[in-house]
Amino acid sequence: MLFNFYPLFKLDRLSSFISLFIGLFSLLTIIYSFKFMQGRKNLWQYYILVILTFVSSVGVVLANHLILLLVFWGFLGLLLYLLINIEENSSLTAKKTFIIVGGSDCLMLLGIGIIYYLTGTFQMDKIKISFTTSYWLLTNISYLCLAAASFAKAGAMPLHSWIPDCAKDAPLPVVAYLPASLDKLLGIYLLARVSLDLFIMNKIMNLFLMLIGAFTILAAVMMALVQHNAKRLLGYHAVSQVGYMVLGIGTGSSLGIAGGLFHMVNHAIYKSCLFLTSGNVEYKTKTTDLDKLGGLSKVMPITYISCLVASLSISGVPPFNGFVSKWLVYQGLIEAVGSSQIVYKIIVFLCLVAAMFGSALTLASFMKLIHSTFLGQANNSIAEKGYNDVSWQMLLPCLVLAIICVIFGIFASQVPLKYFIFPVVGTYTFLGIWSSGLATFLIVLGLFLGIIIFGLSKISLRKDAIFLGSETKALPSTRVSGTEFYNTIKELDILKTIYLKAEKGFFDIYEQGKTLIFGIGKFFQFLHNGILPTYLVWCLLGIVGLFLIFH
Amino acid sequence: MKLVFNYLIFPGFLFSAVVGLISGWFDRKLTARIQWRRGPVWYQNFLDLIKLFSKEIIIPTEAKFTFFISPFVGVCASVIVATMLGRVLVNPSESFIGDLIVLVYLLVIPAIAFILGASSSGNPLASVGASREMKLILGYELPFILSILTIIIKTGSIKLEAILNHQIVYGSHIASFSGIVAFLVAFLCAQAKLGFVPFDISEAEQEIMAGTLIEYSGPLLALFKLTKAILLYIMPIFLIVLFIGKDTSLKFLFLKYIGLITLIILLKNTNPRLKIEQAIKFFWGPVSFLAAVSVILALLGW
């Protein structure tokens with residue numbers, strides 16, 4: 001059937017596996033929404049928008065015609081705007097999102113126009129542009145335009161600033177559905193399509209991608225470290241992880257590209273799991289403020305387990321899936337070093353260090369999240385209410401995603417790499433070794449033996465209050481919330497000024513653009529003061545100017 | 001079956017635990033001699049463990065199930081690392097489970113176990129300890145990664161056996177400019193990974209009453225002590241494989257191991273405990289600078 005649409009649509013290996021995951025996330029989001037969105041107004045609107053998003057995402061992935069791709073892409077931006085607007089008091093965020101994503105759509109249109117000028121066709125599988133032609137400037141511009149569109153969608157810096165705001169204000173299933181999973185899949189799909197198929201990459205463009213990736217990883221994760229709101233924290237991580245994908249694709253080696261694509265899938269899985277679990281918490285406690293939460297793991301055990309698995313995955317702890325894709329990206333970087341000049345080598349190594357250190361920072365901020373939501377001392381107001389876990393419609397998506405995290409980690413080379421990633425980038429040999437199945441087997445064996453021995457040895461257990469020196473009971477004033485974990489880092493000299501600037505929106509391209517545009521607006525406001533003589537003077541000056549020109 | 005033997009007996013659990021505990025005794029003995037005391041008998045650590053295993057467990061009322069799991073996970077992960085390192089030393093021609101990057105990531109798991117276990121206990125002091133442990137990881141991870149990258153640049157491979165073979169053929173990495181700088185950095189990071197003075201900030205007995213371990217008792221505490229003992233065996237071996245792996249005959253291996261452990265213990269006994277922000281500044285400042293120098297030296301081929 002699909003072949004009849006051939007010049008317009010095309011199903012290849014990359015698009016088929018991405019559409020598969022788009023389907024999975026749409027299904028899970030709809031199941032989750034049944035309970036979470038219950039009792040809201042205009043629900044029919046919400047479900048129609050979700051399904052339309054699904055359809056147009058598949059449209060983007062299957063489109064083989066650049067204009068068609070652009071239409072679906074723009075439509076997605078509009079749908080995102082409408083979906084964010086479903087929540088009350090989120091119109092400002094929705095506007096910001098729409099301006100950033102819509103603005104990048106304009107760039108994309110420009111890029112597509114240049115491509116048409118260079119090649120004379122819109123058909124994507126016929127386009128193959130090299131950077132070394134005589135039109136190198138136009139080629140560079142068109143590539144950068146398309147890359148900017150994909151960055152805005154996926155949320156790479158500097159076009160990231162809508163994601164943390166959106167994560168905080170939009171309805172939670174929407175966040176888990178769009179910025180966390182679908183937008184990553186689509187943005188990185190576009191970047192991969194553009195970098196691998198439409199253009200023949202050169203070293204400078206690769207370096208550009210790698211630097212953007214490395215910078216995104218570090219800067220976003222440093223911001224995530226000091227957040228006080230669970231959803232904003234996750235939002236910054238949704239930005240930071242894009243860095244690994246861009247970095248992977250930027251390496252230009254097939255190992256790195258495989259890592260980038262695999263990380264895209266993994267990220268979509270664990271990040272939507274994390275958002276959904278924080279949705280469970282929000283549903284029960286009506287807050288995602290980390291200062292007010294704590295000690296929830298006893299009342300929400302399944303949510304806690306899913307969140308723990310997803311957190312360990314995103315931090316790249318073996319044997320979960322995030323580790324495998326990061327490991328592939330690192331190998332891609334090490335492979336990319338092998339070639340040429342010393343400057344190139346140093347930059348690639350900087351990126352490698354940023355990526356590896358970023359993963360430690362990720363671990364740190366997730367330890368904070370886990371501690372302040374599920375572990376630590378319970379907040380009294382929460383402890384008294386005696387919650388229980390949420391209903392199955394909300395637990396099922398979390399559990400399914402957590403299980404996929406484990407399976408994709410342990411059987412990485414047997415299942416996801418073999419069926420989804422290898423067919424796209426071709427087979428290759430790893431630089432290192434990681435037999436995750438064996439390692440997991442040994443760890444599980446050790447745990448099993450340990451617990452058996454523990455169980456058989458009849459050790460007596462006794463419950464008692466915690467020990468605090470002379471106190472017998474932990475007072476509310478001694479409660480340590482996870483939000484205070486990294487205050488010492490926040491207070492370090494250089495970081496302190498950067499954090500202060502970042503909190504004021506100094507690094508937010510949207511805020512800066514707003515100041516610029518309002519500045520220009522003020523200038524025109526100054527001119528239009530409504531006094532007749534001023535306008536007459538302007539008219540006179542204009543006439544004099546015209547005379548001088550056409551004299 | 002051979003794998004299970006490797007994992008449980010040699011060079012895995014049993015062997016590393018015994019060597020680690022004896023090294024722990026060596027630590028106590030040497031410390032005692034430095035402080036002009038006599039020190040314990042060589043099997044003192046075994047007695048301590050046996051005693052702990054026979055005690056009851058006191059569970060804090062607010063504890064969560066990760067409180068139980070964490071000690072087991074810590075032991076299992078460190079045993080995996082011990083097995084990997086041991087197998088590559090016994091037979092440098094085949095690889096097992098993972099490469100250097102995997103190893104670095106596996107080495108973080110015991111620390112995660114400490115943090116999660118401490119957080120699960122519901123004790124504020126344990127939370128303070130957990131936050132310090134995590135900050136310490138952030139501190140030493142940056143120079144640690146850099147010093148490991150130095151080795152990767154010098155060897156051109158991330159496989160452990162390739163790193164060892166490279167040294168057997170071309171001489172130890174420590175015998176070059178970049179190698180010795182990277183070794184210094186990795187040595188300091190190892191001290192922090194072991195949680196020894198001056199970096200025992202997360203456990204600071206006099207200040208936060210053993211921090212991360214405050215609520216642990218009986219067999220669960222014993223498991224954490226065992227994790228520490230195995231780590232005390234792993235870290236010197238790790239340094240040997242990476243930096244001074246030219247001669248891996250039993251005699252030299254033993255001498256190198258004793259030498260490194262003595263260095264670690266001397267550093268431990270001649271320094272006061274740092275504050276956590278001092279430790280972070282130390283690792284992100286001078287140590288990372290040294291590590292960056294070693295990377296650049298390695299890129300230049302020195």
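A few comments on the model shown:
- Partner aspartates and glutamates for residue B:51 [C-alpha distance under 16 Å; skip if fewer than 8 residues away on the same chain]: none
- A simple rule links phi to the HN-Hα coupling: the Karplus curve 6.51 cos²θ - 1.76 cosθ + 1.60 with θ = phi - 60°, which for the stretch A:215-223 gives 5, 4, 4, 5, 5, 5, 6, 5, 5 Hz, with x for Gly and Pro.
- Ranking of B:83, B:61 by neighbouring Cβ atoms within 10 Å, starting from the fewest: B:61, B:83.
- Among B:238-246, A:124-132, the order from most to least packed when residues are scored by Cβ within 10 Å on average: B:238-246, A:124-132
- Rounded if a/c under 1.5, otherwise prolate or oblate - chain B, Cα gyration tensor axes: prolate
- Computed over the protein assembly as shown, the convex hull of the alpha-carbon atoms projects to a mean area of 42.8 nm².
- Between residue A:141 and residue A:350, the modelled labels are 2.8 nm apart [label points 7 Å from Cα along Cα→Cβ].
- The magnitude of the dipole of the protein assembly as shown, with charges of +1 and -1 set on the Cβ of Lys/Arg and Asp/Glu and taken from the Cα centre, is near 900 debye.
- The HN-Hα couplings worked out from phi for the stretch B:128-138 by the Karplus form 6.51 cos²θ - 1.76 cosθ + 1.60 (θ = phi - 60°) are 4, x, 4, 5, 5, 4, 5, 5, 5, 4, 4 Hz, whole numbers, x standing for Gly and Pro.
- Between the stretch A:508-542 and the stretch A:413-447, the alpha-carbon centres lie 61 Å apart.
- Projected label points at residue A:428 and residue A:548, each 7 Å from Cα along the beta carbon direction, are separated by 6.1 nanometres.
- Peptide-level mean, for B:129-136, of C-beta atoms on other protein chains within 10 Å: 5
- Calculated mean residue ellipticity, 222 nm, chain A: -23000 deg cm²/dmol, from DSSP H runs (n ≥ 4) at -39500 (n - 2.57) each, averaged per residue and rounded to 500.
- Protection proxy ranking for B:25-31, A:353-359, B:254-260, using the average of other Cβ atoms within 10 Å per residue and placing the highest first: A:353-359, B:25-31, B:254-260.
- Taking every residue in A:369-378 and counting other chain Cβ atoms within 10 Å of its Cβ, the average works out to 6.
- Pairs beyond 20 Å (Cα-Cα), from B:154/B:193; A:298/B:228; A:184/A:231; A:231/A:368; A:458/B:55; A:153/A:284: B:154/B:193; A:298/B:228; A:153/A:284
- Three-way shape call for the stretch A:509-549 based on the alpha-carbon gyration tensor, with the a/c threshold at 1.5: oblate
- Loop chymotrypsin sites (Phe, Trp or Tyr not before Pro), the stretch A:496-551 (other Cβ atoms within 10 Å of the site Cβ: 14 or fewer; DSSP): A:506, A:550
- Placing pseudo-labels 7 Å out from each Cα toward the beta carbon at residue B:177 and residue A:38 gives an inter-label distance of 7.0 nm.
- Anisotropy class of the stretch A:60-184 from Cα gyration tensor, a/c 1.5 cut: prolate
- Taking the centroid of alpha carbons for each part, the stretch A:18-93 and the stretch A:141-179 are 14 Å apart.
- For the peptides A:362-372, A:217-227, A:71-81, the ranking by mean Cβ contacts within 10 Å, running from highest to lowest, is A:362-372, A:217-227, A:71-81.
- Total formal charge among the other residues, if their Cβ is under 10 angstrom from that of residue B:170, Lys/Arg +1 and Asp/Glu -1: +2
- Furthest towards positive pole of dipole, A:248, A:459, A:297, structure part chain A, Cβ charges: A:459
- Toward the positive end of the charge dipole of the stretch A:1-200, with +1 on the Cβ of Lys and Arg and -1 on the Cβ of Asp and Glu, the farthest Cα among A:67, A:26, A:154 is that of A:26.
- Amide H contacts under 5 Å for residue A:199: A:129, restricted to partners 5 or more places along the chain or on a different chain, H placed in the peptide plane at 1.01 Å from N.
- Average beta-carbon neighbours from other chains, 10 Å sphere, peptide B:268-281: 1
- The Rg/Rh ratio of the stretch A:214-372, with Rg taken over Cα atoms and Rh as the Kirkwood radius over Cα pairs, comes to 1.03.
- Pairs from A:35/A:168; A:96/A:126; B:225/B:281 whose Cα-Cα separation, in the structure shown, is over 25 Å: A:96/A:126; B:225/B:281
- At an R0 of 60 angstrom, the distance between the Cβ atoms of residue A:343 and residue A:391 translates into a FRET efficiency of 0.55.
- Amide H contacts under 5 Å for residue B:59, placed H, 5+ residues apart: A:462, A:463, A:464
- Under Karplus coefficients 6.51, -1.76 and 1.60, residue-wise ³J(HN,Hα) of the stretch A:159-171 in Hz, glycine/proline x: 9, 9, 5, 6, 5, x, 5, 4, 4, 7, 9, 6, x
Since every read-out is calculated from the coordinates, none of them should be taken as a lab result. Please read these numbers as outputs of a predicted model, since none were measured by experiment. A quick note on method: Cβ atoms are made from the backbone with ideal geometry, for glycine too, and the neighbour counts reach across all protein chains shown.
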